[in-house]
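Undergrad: Take this structure first; my questions come after.
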Amino acid sequence: MKSGSENGTMIQDMIKEGKIVPSEVTIKLLQKAMQDSGNDKFLIDGFPRNEENRAAFEAVTKIEPAFVLFFDCSEEEMEKRILSRNQGREDDNIETIRKRFKVFSRV
């Protein structure tokens, strides 16, 4: 997003609206960052968000993760944690958070 690129602007707009960035965009960005890092082991926070993300990641990158952690907690707890993470993100507000919950629960 900081680059101001076309993808960056699109991602920023989607995040503001509480929408999920398309898998192919996220995967291409992750793949580039992984290749550029020079490492061979990765911990990716917040991805995959659903089965479609996982399948698309494996299909595009030809990488099968050793494992995926999924934390299941109530929306109330997630809301509390997001609002208290204090990262200064413009999407860390109650309206956007609740939109994200609705989008995620439909996926």
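Values in this text are rule-based calculations from the coordinates and carry no lab data. Quick caveat, the model's predicted, so the values are computed rather than measured. Glycine also receives a Cβ, built like all others from the backbone with ideal geometry; neighbour counts cover every protein chain displayed.
Undergrad: Within region 6-106, how many Lys pairs that are eight or more residues apart, or on different chains, come under 22 Å at the alpha-carbon?
TA: The number of close lysine pairs in region 6-106 is 15.
Undergrad: For the chain, find the longest principal axis of its Cα atoms and tell me its angle to the long axis of helix 51-61, 0 to 90°, nearest 10.
TA: Roughly 30 degrees between the two axes.
Undergrad: Starting from region 1-96, pick out the chymotrypsin sites (Phe, Trp or Tyr not before Pro) whose DSSP state is loop and whose Cβ has at most 13 other Cβ atoms within 10 Å.
TA: Within region 1-96, the qualifying chymotrypsin sites (Phe, Trp or Tyr not before Pro) (loop, at most 13 other Cβ atoms within 10 Å) are PHE42, PHE67, PHE70, PHE71.
Undergrad: With axes computed from alpha carbons, what is the tilt in degrees of helix 6-16 against the longest principal axis of the chain, rounded to the nearest 10 within 0 to 90?
TA: For 6-16 against the chain, the angle is about 30 degrees.
Undergrad: Sticking with the crude label model, points 7 Å out along Cα→Cβ, report the distance from ASN39 to GLN12 in nm, one decimal please.
TA: 2.7 nm
Undergrad: Expected output is a single nm value to one decimal: the length gained when fully extending between GLU52 and GLU76, i.e. 0.36 nm times separation in residues minus the C-alpha distance. What is it?
TA: The GLU52-GLU76 span can extend by a further 6.1 nm.
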